[in-house]
Amino acid sequence: MTLEQVKIKIEKYLNSTDIMPRIVNVSKADDLVELKNYFEIGNIKFIDMGDFASVDSMPLFDKLLNSISKNKDITFLYGISTFLKLLGSDIMNLMLRNILEIVPQNKVIIILVACDQYIKLQDPRIVDRGAYIAMCDDCKPIKLTLINKSLAKFYETNTYGINQISKLIELIGLNEILIETKHKRHEFPDSIFEIHERNSAYEGVVKLDSRFATLRIDEENDAFWGNILEDISERGWDDIINMKFGGKQNLHLWVRDFANAEKYEKWVFFLAIKTFGISSNDYLSYVVEKSKSVEDFTKLIFNAILDFDIKDRMLFNNLYCQRKSILKNFSNYTEEIVDFCKRLYSKKDNALFYLTDNSMIEKEYIFEHIAINSRVLSRERLIDILNLIYPDLKAYMQKYNFNNCLLDEYFLNYKYLKIINLISESHKNIVDKQAIERDYNACLNPRSFFVNSLNFSKAITFFVDAMGVEYLSFIQVKCAQLGLNLKINVARCELPSLTCFNKDFKEIFKQHGVDVLDIKDLDELKHGGVNRFDYTKNKLPIHLISELDLIENMLKQVVVYLSNPNIERVFLISDHGSSRLAVINESENTIEMVEKGIHSGRCCLMTDSDEIPKFATSENGYWCLANYDRFKGGRKACVEVHGGATLEEVAIPIIEVTKKNKKIECNILDGYETIFISFKKKAEIKLFISTLSEQYRILINGKFYSAKLSDVKYHYDFVIPDIKKSGNYLFDLYDGDNIVVCGLSFIVKKEGSNERNLFA
């Protein structure tokens, strides 16, 4: 049926006495406009279905039906097909039947646009009342794009409000419409129209900057994307990166600020590294590639290292060091740290390699995994591992040169056993032997021997309760880092190794006008600490973590005092040491004397009735045990103990600390970065050292080697006969008690061999 034929049909209806509603379907908007122009005269009204809706709302069909039933004018209603198509063909046919059942006060023509294929013509009411239907041969599909208010300014929308779409489709003839609206696509599940939506700020960001198109990161987090959208629309993404992070080339540096950043800043940073990538940090690049969200990124910073095997040591060590540096500022991420440490158990014997000293939690896990592997973890192997994962503990473990074979080996073993939480049979034999022979009386002078010869000028003294000589190697390393010079003497305390018998030196300092500060933190920790240090509750020696921290903090206080022009030297003097091994000696044999043991049984008052104990020495009216037994009496110690006469309880340091006057430069001479050895040719390296000294020594693999005088001034030769294998060797240079430089390295190869390069 042509449009002209439709007009004739409508006119015939209008001239009849029949007032029942009629349906007219036209094929396109132009036909509706033509009908409107042709019939809109006199008392004939054309009403848009959208007029029955408030702003940005769907029309109220009840209101429409009521209006049709009461309208006294001849009415042409258009726009209804647009809204019915939104609701689907079933709703369309239901509503049309409802309209056809109305008995109006005057004639009503319902004009539909391109609905012929959706109307169920088998319904007799529609067939009888819809005689004026024109078939649509070339109807284009309608596409609606719903855009929320926050995004509308980034699009060229056609209108505001869904109530306006009927005019755009049926009068103007638009096939694609962008609508600013609150409505969502899911509200129209049966729609005949093709509906899209731009309701996420993410889509707006993509429209402004296509670099985000492939990310698909956390699209539903509209609040953050909305802020990004605002920022990008004002400045542009590159300007934001420059302003917040100093440019894309510095993104790898800002990761250290990520830990304490606000949530939005973290989000912006994450988007930055996803869009620009990280080229200067392999570990971070790997994490970025795997991450799907900010939360994911945070977890992977901790856990991604677990994807790599320690067998490829060069790759692993590189990634490990990068990760460790990143996570230095993440020590308050307790949940993530604990989760990472739990995952480590899957690495079994290799778990230790993945831990760091960035947090107390990880340090405690280091001690746990050391304990797990203690039976197969040699001292040399442990030092090698700790050099990377926990340098402070390695500094504690490494050798201090007492210039005495007994003391050198004794304390090297004692520190190792304290860390692995065991007492070896060989060490126990040495302790039992020394408990009888007491060689320390010959090799250690009493404290007073050194105190009386000190330079008291411009000095202050730290009386560090319970600081034994076991910490000297750690103190050397920390003083080197803090720019401090050391002069160390090792003495023996009075027995019993109790404070009350070892504080007479305080009076000597006071007589020379030197203030003495009591530093009791270390002693208090050893006596009680906290519950988690109690050996009966936790067998691991995790108290050592706090011991090292206390000593480092004390040395930092020394730096502060030495900044005072009236103070040139700080003395660190202890009353006695303490023993961990006497605490963990589970197979101890208690010894019963007339008097009860005191200080956890390490000593007891002497009586004439006592039988002389085999492993005890008598002094100042007390029996003092020199092995790891205890007298019956007081409760067991829970952390460390003193009062007895083992070397770790008796040997004490007297340390003079001053500021370094100048920095000593040191480097390996050209041609000695790689040296060759053979059966006849010993390893030898040559160093340039900018200051002359007769006390230079190097420490390699736990052994010291003294300098050999060179015929060239400032050139020093070091012969190392114990090196027999090819490899990469690290060494530290000492000048007397002071570390000049740590971690110099050289390569050893066997002369004449064509061996594989282990470091390529």
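The values are calculated or read from the model by the stated rules, or taken from the named source; none is laboratory data. Quick caveat: nothing in here was measured; it's all calculated off a predicted structure. Counting neighbours? That spans all protein chains shown, and the Cβs are built from the backbone with ideal geometry, glycine included.
The table below gives the values:
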read-out	value
For Ile567: the one exception among (1) in contact with a strand residue (DSSP E or B) (Cβ under 6 Å, 6 or more places away or on another chain); (2) not in a loop (DSSP other than H, G, I, E, B)	(2)
Some residue of segment 393-406 being over 21 Å from Leu548 (Cα atoms) and among the hydroxyl-bearing types (Ser, Thr, Tyr)	no
Flag for Gly513 being surrounded by fewer than 21 Cβ atoms within 10 Å (Cβ to Cβ), assigned by TED's automatic domain parsing to the domain that holds Lys415, modelled with pLDDT of 95 or more and of a type in the set (Gly, Ala, Ser)	yes
Some residue of segment 215-229 being of a type in the set (S, T, N, Q), at pLDDT below 85 and in contact with a helix residue (DSSP H, G or I) (Cβ under 6 Å, 6 or more places away or on another chain)	no
Whichever residue in segment 293-303 is surrounded by 14 or more Cβ atoms within 10 Å (Cβ to Cβ) and not polar (S, T, N, Q) and, among such residues, is nearest to Arg256 (Cα to Cα)	Ile301
Residue selected from segment 194-214 under the condition crowded, with 18+ Cβ neighbours inside 10 Å, more than 12 Å from Ser150 (Cα to Cα) and in contact with a strand residue (DSSP E or B) (Cβ under 7 Å, 6 or more places away or on another chain), by the criterion modelled with the highest pLDDT	Ile195
Matching strands (runs of 3 or more DSSP E) fully within segment 582-700 where at least 3 residues are β-branched (Val, Ile, Thr) and crowded, with 22+ Cβ neighbours inside 10 Å	651-659
Some residue of segment 375-387 being touching a His at 6+ places or on another chain (Cβ under 7 Å) and in a helix (DSSP H, G or I)	no
Close pairs (8 angstrom Cβ cut-off, 6 or more residues apart or separate chains): outside the structural domain of Cys405 (by TED's automatic domain parsing) and at pLDDT below 95 in segment 415-439, part of a helix (DSSP H, G or I) and surrounded by fewer than 18 Cβ atoms within 10 Å (Cβ to Cβ) anywhere	none
Residue pairs meeting the criteria (Cβ under 6 Å; at least 6 apart or on separate chains; first more than 27 Å from Trp254 (Cβ to Cβ), in segment 330-346; second among the hydroxyl-bearing types (Ser, Thr, Tyr) and modelled with pLDDT of 95 or more)	Leu344/Tyr354
Options Phe367, Phe340, Phe353: the member that is modelled with pLDDT of 95 or more, over 23 Å from Phe270 (Cα atoms), crowded, with 21+ Cβ neighbours inside 10 Å and not assigned by TED's automatic domain parsing to the domain that holds Pro541	Phe367
Matching residues in segment 33-57 - criterion: being small (Gly, Ala, Ser) and crowded, with 21+ Cβ neighbours inside 10 Å	Gly50, Ala53
Any hit, segment 238-250, residues being outside any helix (DSSP H, G or I) and in contact with a helix residue (DSSP H, G or I) (Cβ under 8 Å, 6 or more places away or on another chain)	yes
Residue in segment 347-367 that is more than 21 Å from Thr298 (Cα to Cα), hydrophobic (A, V, I, L, M, F, W, C) and touching an Asp or Glu at 6+ places or on another chain (Cβ under 8 Å) present	yes
Hits in segment 492-542 - residues which are out of contact with any helix residue (DSSP H, G or I) (no Cβ under 8 Å at 6 or more places or on another chain), of a type outside the set (Asp, Glu) and in a loop (DSSP other than H, G, I, E, B)	Pro496, Leu498, Lys503, His512, Gly513, Val514, Lys520, Gly528, Val530, Thr536
Residue count, segment 259-305 (criterion: outside any helix (DSSP H, G or I) and closer than 27 Å to Ala223 by Cα)	9
Any chance Asn538 is closer than 19 Å to His642 by Cβ and surrounded by fewer than 22 Cβ atoms within 10 Å (Cβ to Cβ)	no
Hits in segment 731-754 (condition: assigned to a loop (DSSP other than H, G, I, E, B) and surrounded by fewer than 18 Cβ atoms within 10 Å (Cβ to Cβ))	Gly736, Glu751, Gly752, Ser753, Asn754
Residue tally, condition farther than 19 Å from Gly743 by Cβ, touching a residue at least 24 places away in the same chain (Cβ under 8 Å) and not in a loop (DSSP other than H, G, I, E, B), over segment 701-711	0
Yes/no for Asn445 being surrounded by fewer than 21 Cβ atoms within 10 Å (Cβ to Cβ), free of Cβ contacts under 8 Å to residues at least 40 places away in the same chain and not assigned by TED's automatic domain parsing to the domain that holds Gly736	no
Test for Asp30: is it under 27 Å from Leu146 (Cβ atoms), surrounded by fewer than 16 Cβ atoms within 10 Å (Cβ to Cβ) and more than 60 Å from the chain's Cα centre (by Cα)	yes
Filter pass, Phe402 being crowded, with 19+ Cβ neighbours inside 10 Å and in a helix (DSSP H, G or I)	no
Failed criterion for Glu409 (all others in (1) outside the structural domain of Leu647 (by TED's automatic domain parsing); (2) free of Cβ contacts under 8 Å to residues at least 24 places away in the same chain hold)	(1)
Residue check, Met1 under 20 Å from Ala114 (Cα atoms) and either part of a loop (DSSP other than H, G, I, E, B) or polar (S, T, N, Q) (or both)	yes
Any hit, segment 385-395, residues being of a type in the set (Lys, Arg) and surrounded by fewer than 18 Cβ atoms within 10 Å (Cβ to Cβ)	no
Per-region count, segment 453-471, residues in a loop (DSSP other than H, G, I, E, B) and touching a residue at least 24 places away in the same chain (Cβ under 8 Å)	9
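The rows are residues; the columns are (1) in contact with a Leu (Cβ under 6 Å, 6 or more places away or on another chain); (2) farther than 24 Å from Val206 by Cβ.
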position	(1), (2)
Ile241	no, no
Asn250	no, yes
Ala259	no, yes
Tyr264	no, no
Phe269	no, no
Ile273	yes, no
Gly277	no, no
Leu284	no, yes
